[in-house]
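J.: I'd like to ask some things about the structure below.
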Amino acid sequence: MAIMLGLVLGLLIASGPVYAGSLKDIEHVVIFMQENRSWNSYFGTMAGVRGFNDPNVQVNPDGLPVWYQQVDPDMSNKTKTLLPWYLGYLGGDWPEAIQCMVAGDNGYQDNHAALNSGLNNHWARNNTPWSWGYLKRSDIPVQFAIAEGWTSGDMYQEGQVTATNPNRVTLVSGSINAPGSPQSPDQGGVYIDNNETPGCEKPNVSCYPLKWKTIYEFYEEAGVSWQVYQDTDNFDDNPLAWFEQFQNAPKGSALAQKGMSYVGLDTFYDAAAKGDLPQISFIVGPMELSEHPPYMPKDGAWLQQQVVNAVVNSPKYNSTVLMISYDETGGFGDHVPPFHSPPGTPGEWIEDPLGYFGDVFVGPGFRVPFYIISPWTRGNRVFTERADHNSQILFLEEWLTAKGYQNVKTDQMVAWRREHMSNLVNAFDFDHPDYSIPSIPKAPEPHVNSNGGWDGTALCEAQHPNTRPPVPYGEQNITTALDFEEGFKEVVGYLTEGRYLVFEKDGVALTNPSANANGTGQVTVSRATKDHRSKNQRWVIHYTRGEESGIFKVSSALDGRYIGAEGRLLPSSQQAQAADVRISFLGNGNGYTVQYADTNSSVVDVGNEGVVTNDARNKPTGFKIWSVSYHD
């Protein structure tokens, strides 16, 4: 059945989703940050996310999509470009060898050089060709299963375009003290690399130690319970240790006991089992299990599974949130150029201290894996809002404020991040918690040496002296290079570009009728399918009034035609005449409303007979949106 859409859409509620106060139902938040992997390198092949099936990939002035990375003649004379490539493509022992492979450099200079002033096409030239490689589900089955069992965020960016320390500092303070930040120049920074030597590398560049106030000091003053859980082997990944006030904290003080002591991960597991976690737990893992190349993803998967199991098996799981993220990309590339502030934004731009890049933004940087485990985020969903490490701070502030705490909002965060990064609340459906636990493959326990120490990477390197596979120069084509799984995910959060979308409600979906014998040249509705696979029901959104307006032009994946006035389908040559469509997230399981942005018509709805009507209810229910990945 296909019914003409006399279409659509109308004036929406101007405000964002209304929270039902159920943030207060959360009692515990666990923050767990791993190391050095990009979104594409882990989840580029995942179904239903912004990955290798991206319909909005950036096309550069040379006419090439960003998939095509420039190759210099001294790298290869077989090709001028390198496409994304599966690192284990040769089979044999290579899938084991690449577990302990180092791709490229994760520092400030090589990352900005790869970004190439926004063209994002120098990963092979200015980092390494292995930077453009990726893993598949078979290499990281546990990470895939955890991310898909709950909610992944495919527009979550590293906080800064640089290495570990500045990103972890961002996670606990909201700043690296770039000029115009809330901090003064004598408080340390601008912290753009991993310097831990007292003093400055250059005047006002990477000055150490840091002296501004962290979020945990705000929480301590507000009476919020918190604890850093770490062993003596913490890979120097506790960012609080880089702040002078924690270094000088008296023995027995709250900062020393909660932020600098080595209580161990076993203490976290025990507290979770007893339902006795503090309100905020911050987990710092050991070096060998960090996933920082060459430390192996499969060993990090085992640690992730221990943490996830501790949370979901806790008697307090029904009131606990676990956020797993990665600090930075670790020398691996990502195809989505970073969303960032306009030039000159205070606290966000610096004059390159190396003298190579002119004025550059410090962040947010490239996308990194991020997923949220909780009863309110269960179910293979993708969260599409722009976020970075500041978003975890913003979420903690929203939650603690809802719980009635005062003065938990840091004054140290850069203003642009507070205004433009998601607070993650829309990732949660508080009206429909799901307490079931997905099936996660059992991760093998990492190898240990005769002294009981983790040594999986040393064993891998001994067994595989060469961990970098041959680069497939001149042997690629775009179809096989951009490998991805087929499937779908439910979308939550305000929309961003980068996915094929299906709009469904009451058993029908918005449809391009061109495939039907009686097609009308207007958008229709037709029966939805279980796997959301019908190509004539797939749509692509395109920014039209800036990236943050929530207003898009909408084209069909079937034939590229655009939705115009009154639902007419216009050829791509008439894109300029396409309608501006506002798509707004209602939150808490209510889906999305769709409306023409420049009219006062009412919100589109589907009637009892499947007919699309211009419904004028004050509180419309929305369409459920699915992000889909199929090869046809």
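Read-outs: derived from the displayed coordinates by stated rules, not from any lab. The structure displayed is predicted, hence computed values, not measured ones. Using ideal geometry, Cβ is built from the backbone for each residue, glycine included, and neighbour counts are taken over all protein chains shown.
J.: Under the rule a/c < 1.5 gives rounded, and otherwise a/b versus b/c splits prolate from oblate, where does the stretch 71-157 land using the Cα gyration tensor? Before the final figure, lay out the partial values.
T.: Details: a/c = 2.29, a/b = 1.33, b/c = 1.72.
Since a/c reaches 1.5 but b/c is at least a/b, the shape of the stretch 71-157 is classed as oblate.
J.: Taking every Cα atom in the stretch 428-480, find the radius of gyration and the maximum pairwise distance Dmax, and write them in Å.
T.: Over the stretch 428-480's Cα set, Rg and Dmax evaluate to 20.9, 53 Å.
J.: Return the sequence-ordered ³J(HN,Hα) values of the stretch 498-505 in whole Hz as given by the Karplus equation 6.51 cos²θ - 1.76 cosθ + 1.60 applied to θ = phi - 60°, using x for Gly and Pro.
T.: Here the 3J(HN,Hα) series is x, 9, 8, 10, 10, 9, 10, 6 Hz.
J.: Under the definition of Cα pairs under 8 Å and six or more residues apart, what whole-number percent is the relative contact order of the chain?
T.: With pairs under 8 Å counted, the relative contact order is 24 percent.
J.: Starting with the fewest neighbours, write out H389, H122 ranked by other beta-carbon atoms found within 10 Å of each beta-carbon.
T.: H122, H389
J.: Pull up all non-local amide H partners of N588: gap of 5 or more, or a different chain, and H-to-H distance under 5 Å with H placed in the peptide plane.
T.: F430
J.: Karplus couplings for the stretch 36-42 from phi (6.51 cos²θ - 1.76 cosθ + 1.60, θ = phi - 60°), rounded to Hz, Gly and Pro as x?
T.: 6, 9, 8, 4, 4, 5, 9
J.: Go through 580-588, 56-64 and give me the packing order, highest mean Cβ count within 10 Å leading.
T.: 580-588, 56-64
J.: Using Stokes-Einstein with the Kirkwood hydrodynamic radius over Cα pairs, what translational diffusion coefficient do you get for the stretch 27-121 at 20 °C and a viscosity of 1.002 mPa s, in µm²/s rounded to a whole number? Provide the component values of the computation, followed by the final result.
T.: Numbers: Rh = 16.2 Å.
In µm²/s, the coefficient is 133.
J.: Lysines near K211 by alpha-carbon distance under 30 Å, same-chain residues fewer than 8 away left out - which ones?
T.: K202, K251, K258, K403, K409
J.: Then there is this: List the residues, sorted by chain then number, that are 5 or more residues from D455 or on another chain and whose placed amide H is less than 5 Å from its amide H.
T.: H447, V448, N449
J.: Next up: Identify, among V59, M75, W85, the residue whose Cα sits farthest towards the positive end of the charge dipole of the stretch 23-161, taking +1 on the Cβ of Lys and Arg and -1 on the Cβ of Asp and Glu, with the dipole about the Cα centre.
T.: It is V59.
J.: OK, next. Based on Cβ point charges of +1 for Lys and Arg and -1 for Asp and Glu, what charge dipole magnitude is obtained for the chain about its Cα centre, in debye rounded to the nearest 20?
T.: With Lys and Arg at +1 and Asp and Glu at -1, about 1720 debye.
J.: Quick check: the angle from helix 389-402's long axis to the longest principal axis of the chain, C-alpha only, nearest 10 degrees?
T.: The two axes meet at around 80 degrees.
J.: Right, something else. Could you give the size of the charge dipole of the stretch 171-323 about its Cα centre, using +1 on the Cβ of each K and R and -1 on the Cβ of each D and E, expressed in debye and rounded to the nearest 20?
T.: With Lys and Arg at +1 and Asp and Glu at -1, about 380 debye.
J.: How would you classify the stretch 350-428 from its alpha-carbon gyration tensor, with a ≥ b ≥ c the square roots of the eigenvalues: rounded for a/c under 1.5, else prolate if a/b is greater than b/c, otherwise oblate?
T.: Since a/c reaches 1.5 but b/c is at least a/b, the shape of the stretch 350-428 is classed as oblate.
J.: With bins 10 Å wide starting at 0, give me the P(r) of the stretch 455-519 over every alpha carbon pair, in whole percents.
T.: 12, 22, 22, 22, 12, 8, 1
J.: Give the long-range amide H neighbours of L510: residues separated by 5 or more places, or on another chain, with amide H under 5 Å away, using H modelled in the peptide plane at 1.01 Å from N.
T.: F503
J.: How would you classify the stretch 259-398 from its alpha-carbon gyration tensor, with a ≥ b ≥ c the square roots of the eigenvalues: rounded for a/c under 1.5, else prolate if a/b is greater than b/c, otherwise oblate?
T.: Judged from the Cα gyration tensor, the stretch 259-398 comes out prolate (a/c at least 1.5, a/b above b/c).
J.: Continuing with this model, one more query. Using mean Cβ contacts within 10 Å as the protection proxy, how do 368-374, 28-34 order, highest first?
T.: Result, highest mean Cβ count within 10 Å first: 368-374, 28-34.
J.: Please give, to one decimal in nm, the separation of the simple spin-label points placed at D506 and S319, each 7 Å out from Cα toward the Cβ.
T.: In this crude spin-label approximation the distance works out to 4.0 nm.
J.: Read phi for every residue in the stretch 137-142 and hand back ³J(HN,Hα) as whole Hz from Karplus 6.51 cos²θ - 1.76 cosθ + 1.60, θ = phi - 60°, with x for Gly and Pro.
T.: For the stretch 137-142, the Karplus-derived couplings read 3, 4, 8, 9, x, 6 Hz, x marking Gly and Pro.
J.: Something else: Just tell me which lysines come within less than 19 Å, Cα to Cα, of K535; anything on the same chain fewer than 8 places away is out.
T.: K489, K505, K553, K624
J.: Here's something else I'd like to know. For the chain, what is the mean residue ellipticity at 222 nm derived from helices alone (per DSSP H run of n ≥ 4: -39500 (n - 2.57); sum divided by total residues; nearest 500 deg cm²/dmol)?
T.: It lands at -5000 deg cm²/dmol.
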